[in-house]
1. For Q81, which of the numbered conditions (1) within 27 Å of E186 (Cβ to Cβ); (2) part of a loop (DSSP other than H, G, I, E, B) fails to hold?
2. Test G97 against the stated conditions and say whether it is closer than 30 Å to V185 by Cβ and either at pLDDT 95 or above or open to solvent by 50 Å² or more (accessible area, probe 1.4 Å) (or both).
3. Can you list the strands (runs of 3 or more DSSP E) lying wholly within region 159-224 that have 2 or more residues being farther than 22 Å from S237 by Cα?
4. Quick one: how many residues across region 179-203 are in contact (Cβ under 8 Å) with a residue 60 or more places away in the chain and either out of contact with any Phe, Trp or Tyr (no Cβ under 7 Å at 6 or more places or on another chain) or farther than 27 Å from K137 by Cα (or both)?
5. Do you know which residues across region 157-187 are open to solvent by less than 10 Å² (accessible area, probe 1.4 Å) and over 17 Å from T145 (Cβ atoms)?
6. Condition (residue is within 16 Å of the ligand (Cβ to nearest atom), open to solvent by less than 50 Å² (accessible area, probe 1.4 Å), modelled with pLDDT of 95 or more and of a type in the set (V, I, T)) applied to region 147-154: is it met by at least one residue?
7. Within region 204-248, can you find the residues that are more than 16 Å from I139 (Cα to Cα) and polar (S, T, N, Q)?
8. Given the structure, is Y54 open to solvent by less than 90 Å² (accessible area, probe 1.4 Å), within 17 Å of the chain's Cα centre (by Cα) and aromatic (F, W, Y)?
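The values are calculated or read from the model by the stated rules, or taken from the named source; none is laboratory data. Values in this document were obtained by computation on a predicted structure and should not be read as measured data. Please note: Cβ atoms are built from the backbone with ideal geometry, for glycine as well, and neighbour counts cover all protein chains shown. SASA here: full protein model, heavy atoms, side chains in, ligands and nucleic acids out. Shrake-Rupley method; radii C 1.70, N 1.55, O 1.52, S 1.80 Å.
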Amino acid sequence: MGTRLLPATKSIPKELLPIVDKPLIHYIVEELISAGVTEIVLVTHSSKQALENYFDLNFEIEQTLSSKSKYEDLELLRSMQYDNLKVMSVRQAKPLGLGHAILCAEPIIGKESFAVILPDVLIDDISCQLDKDNLAKMIQNHEATGNGQIMVHPVPEELVDQFGIVDIEGADLEEGESANLRFVVEKPAKNDAPSNFSITGRYIFGPALWVELSKTKAGSGGEIQLTDAVQGMLKESHTFDAYHLVGK
Ligand code: G1P
């Protein structure tokens, strides 16, 4: 519901707030395309129709631009009709939490592996080179090992209560490296946090997540938390890697 960004988000979905000249969601879609993703499922809400429209053809605008010979603007809009990309959407009727939102996409995703992207986390320095492209690297790691992937980065200790926090094997983790994930906890108090590595809004899962999510009870903030489902899977011996993002 974008409550942390009120009043800007009172009538505009937070995903459509502009960063310079493009809405936030546009950067996310570019990140996904550069990682080789070809199907995107937006989990949205009845108040966010503008989000679905953003990725649809706007015949009226295109017709007007064409009749006024504004070909540059027309080209700009047409460049957004990406070849080989399907954007679909499902609705989450009630804000019951991130875990619940993801579960809404199960009928479309089914038994495939998939990425979860939280579009309010914007990552800079997105490069098309595989060794620098975080998401592509996480997908590669998943394909090579079968392990779930969770992107992390360090945050100041006084902010750990605003994020999912992870405990990893080994003393430290450099950018671009992965480590075995031991434990995750959603928004712990500073004294209870196992580290200052926070979950950064990019994940890769296999279909086993569906089973876990469907039995995950409301946790932090009274919401069904993805972090709790991951912790449930860790307890059942599923293996995850924490991947340290490259960039900011
Ligand atoms: C969500 C996740 C949290 C993660 C954060 C990243 O929290 O639940 O684990 O660290 O995104 O931004 P939210 O920001 O929705 O409270």
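1. Against the list (1) within 27 Å of E186 (Cβ to Cβ); (2) part of a loop (DSSP other than H, G, I, E, B), Q81 comes up short only on (1).
2. Numbers: closer than 30 Å to V185 by Cβ: yes; either at pLDDT 95 or above or open to solvent by 50 Å² or more (accessible area, probe 1.4 Å) (or both): yes.
Answer is yes for this residue.
3. Details: elements: 164-168, 178-186, 197-205.
Of the strands (runs of 3 or more DSSP E) lying wholly inside region 159-224, those with at least 2 residues that are farther than 22 Å from S237 by Cα span 197-205.
4. The first filter runs over region 179-203 and keeps only residues in contact (Cβ under 8 Å) with a residue 60 or more places away in the chain, leaving 179-181, 200-203.
Then drop every residue that is not either out of contact with any Phe, Trp or Tyr (no Cβ under 7 Å at 6 or more places or on another chain) or farther than 27 Å from K137 by Cα (or both), which leaves 179-180, 200-203.
Of the residues in that region, 6 qualify.
5. V160, G164, I165, V166, V184
6. Residues of region 147-154 within 16 Å of the ligand (Cβ to nearest atom): 148-154.
With open to solvent by less than 50 Å² (accessible area, probe 1.4 Å) added as a condition, the list becomes 148-152.
Pick out the ones that are also modelled with pLDDT of 95 or more and you get 148-152.
Now restrict to residues that are of a type in the set (V, I, T): 150, 152.
For region 147-154, residues within 16 Å of the ligand (Cβ to nearest atom), open to solvent by less than 50 Å² (accessible area, probe 1.4 Å), modelled with pLDDT of 95 or more and of a type in the set (V, I, T): present.
7. The answer is S214, T216, S220, Q225, T227, Q231, S237.
8. Values: open to solvent by less than 90 Å² (accessible area, probe 1.4 Å): yes; within 17 Å of the chain's Cα centre (by Cα): no; aromatic (F, W, Y): yes.
No; evaluated as a whole, the condition is false for this residue.
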